[in-house]
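Engineer: Below are the C-alpha cells for one structure; questions will follow.
The values are calculated or read from the model by the stated rules, or taken from the named source; none is laboratory data. All values reported here derive from a predicted model rather than from experimental measurement. Neighbour counts run over all protein chains shown; Cβ positions are idealised from the backbone, glycine included.
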Amino acid sequence: MDVRRRVGWTGKRSGLGPRCVLGRVGIERRTEGGGGVLRGFGVPVAGAWATPENQVRLVRRAEELGYRSVWTFQRLLVPARPDARAGAPVYRSVHDAIVSLAYLAGQTSRIRLGLAVANLPFFSPALLAKQLATLDAVSGGRLDVGLGLGWMREEFEAVGVPMEQRGARAEEFVAALRALWTEEVVEFHGRFYEIPPARFDPKPVQRPHPPLLLGGNVAGAWRRAGRLADGWVGGSMADLTRLDAAIGAVRQGASEAGRDPDALRFVCRGVVRVRPGGDGSRQPLNGSLDEIRGDLDAIAAQGVTEIFFDLNFDPEIGSPDADPAVALRRAEEVLEALAPG
C-alpha cells in the first residue's frame, strides 16, 4: 500500500442518493470577521461543565448562530503523579471524543462535527474506520477527522502500544484507514498493521471518505500532514503568533509530494481565556472579548482557514473544580460575542 496516495477534493455532489456526499469539505470562506475565517466552537468535554445537557445546549445554539463546526478532543487517563503538562486541570476529567460527537449528531442537523484530535496509536485501523464510518452515517456526512500521535507515556502503557516510531506508524495507519474506506476488497500488509483480504462496509457517507486532518506541533508532523492529509489541525500548545511557520511547512510538504497546497485546510484550536483587558503582555485570545475579537485578523493573516474557540482549556471553565453554572454562563457569553456575521 502506497502511503503517498493522493486523494483529491472534487467539490461535486454525487448522483448516488441524498445521503452520499462526494468529495471534500472545501475551503469556503465567509465574510465573518477575522479575514473570513470559518468559525467553530469546542464542545464541553472536560471538567464539571461537561454535562450532556450543556453539550446539547451550547452546540444547538452554535448551530443557530451559524457556526460552521464543533470539536472534541481525546484524553484516556492521567497519571496519579502527573508532570506539569499532564496535570493541567483540563485533563483531569474528559469525556470520550467520538461518543460525544455521536450523541450530538442526533441533536443537530447542519453543524459539522470534528475530532481534534483522536490519537491513532490507541486504535487499530479497522476499529477506528468502523467507528468513524458509522459516525459519518449517523451525522449525515458531517464528520471531520483530526488524528494525532499522542504524547502521554502512561496512555501508551495503558493501551499496550510503544511510543517509539509514532511517525512511521501514523503514515501506515492513514494508508490502512483510506484502504478500508475506499476499496471494495481490502488487503493491507505493513510493519505495524495487517488486514487480511476482507470487505469493509458500509463505507462513509462522504466520498471518498471524511476529511482527514493531522495534528502535531513539530516540523516533521507538519510536513507529514502536507504529504498525507487534507489539512492540519493545531493543538492547545500551538503558538498563535507563529502559525504561519506551521502552515508554511504543511504547504511545503504538500508541494514536495506533488499535491496542491491551496486545497488544504488549516484549522486552529483557539484556546480562549476571557480576562480583564489592558494586559500588555497577554497572549492572543486571552483578554477582554473586544481584545479577543481584535486578535482574529492577525490569526487569519497567517493562512488559517478555520478557527474554533475552545474554553475547555481555561481552568476557570474546564476544570472539575470550576462552578458549572458559572462556566456555562461565561461560555454562552463567548459563544454569542464571537459568533459569525
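Engineer: Name the pairs whose Cβ atoms lie under 8 Å apart, with the first residue in the range 270-295 and over 24 Å from VAL43 (Cβ atoms) and free of Cβ contacts under 8 Å to residues at least 24 places away in the same chain, the second crowded, with 17+ Cβ neighbours inside 10 Å and β-branched (Val, Ile, Thr), and 6 or more positions between them or separate chains?
Structural biologist: Between residues of the range 270-295 that are over 24 Å from VAL43 (Cβ atoms) and free of Cβ contacts under 8 Å to residues at least 24 places away in the same chain and residues that are crowded, with 17+ Cβ neighbours inside 10 Å and β-branched (Val, Ile, Thr), the close pairs are SER288/VAL274.
Engineer: Among the residues of the range 157-168, is any closer than 22 Å to GLY235 by Cβ, among the hydrophobic types (A, V, I, L, M, F, W, C), in contact (Cβ under 8 Å) with a residue 60 or more places away in the chain and out of contact with any Cys (no Cβ under 8 Å at 6 or more places or on another chain)?
Structural biologist: There is at least one residue in the range 157-168 that is closer than 22 Å to GLY235 by Cβ, among the hydrophobic types (A, V, I, L, M, F, W, C), in contact (Cβ under 8 Å) with a residue 60 or more places away in the chain and out of contact with any Cys (no Cβ under 8 Å at 6 or more places or on another chain).
Engineer: Take the residues in the range 189-228 that are touching a residue at least 60 places away in the same chain (Cβ under 8 Å) and among the small types (Gly, Ala, Ser), then tell me which one is farthest from GLN302 (Cα to Cα).
Structural biologist: Only one residue tops the list, namely GLY190.
Engineer: Something else: Tell me the residue from ARG282, ARG242, ARG265, ARG251 that is farther than 21 Å from ARG169 by Cα and over 20 Å from the mean Cα position of the chain (by Cα), please.
Structural biologist: ARG282
Engineer: Test of understanding: among GLN107, GLN55, which residue is assigned to a loop (DSSP other than H, G, I, E, B), more than 25 Å from VAL304 (Cα to Cα), at pLDDT 95 or above and touching a helix residue (DSSP H, G or I) at 6+ places or on another chain (Cβ under 9 Å)?
Structural biologist: Of GLN107, GLN55, the one residue that is assigned to a loop (DSSP other than H, G, I, E, B), more than 25 Å from VAL304 (Cα to Cα), at pLDDT 95 or above and touching a helix residue (DSSP H, G or I) at 6+ places or on another chain (Cβ under 9 Å) is GLN107.
Listed here are the residues, each with its yes/no results for (1) touching a residue at least 60 places away in the same chain (Cβ under 8 Å); (2) surrounded by 22 or more Cβ atoms within 10 Å (Cβ to Cβ); (3) closer than 29 Å to ALA221 by Cα; (4) among the hydroxyl-bearing types (Ser, Thr, Tyr).
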position: ALA46; (1), (2), (3), (4): yes, yes, yes, no
position: GLY66; (1), (2), (3), (4): yes, no, no, no
position: PRO82; (1), (2), (3), (4): no, no, yes, no
position: PRO89; (1), (2), (3), (4): yes, no, yes, no
position: LEU113; (1), (2), (3), (4): no, yes, yes, no
position: ASN119; (1), (2), (3), (4): no, yes, yes, no
position: ALA137; (1), (2), (3), (4): yes, no, no, no
position: ARG142; (1), (2), (3), (4): no, yes, yes, no
position: VAL145; (1), (2), (3), (4): yes, yes, yes, no
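Engineer: Select from the range 122-168 the residues that are part of a loop (DSSP other than H, G, I, E, B), over 29 Å from GLY40 (Cα atoms) and in contact with a helix residue (DSSP H, G or I) (Cβ under 6 Å, 6 or more places away or on another chain) and list them in ascending order.
Structural biologist: Selection gives VAL161, MET163.
Engineer: Filter the range 156-197 down to residues that are farther than 18 Å from LEU132 by Cα and among the aliphatic types (A, V, I, L, M) and give me whichever is surrounded by the fewest Cβ atoms within 10 Å (Cβ to Cβ).
Structural biologist: VAL185
Engineer: Mind telling me which of the residues VAL99, VAL94 ends up being touching a Phe, Trp or Tyr at 6+ places or on another chain (Cβ under 9 Å), under 17 Å from PRO52 (Cα atoms), β-branched (Val, Ile, Thr) and without any contact (Cβ under 8 Å) to a residue 60 or more places away in the chain?
Structural biologist: VAL94
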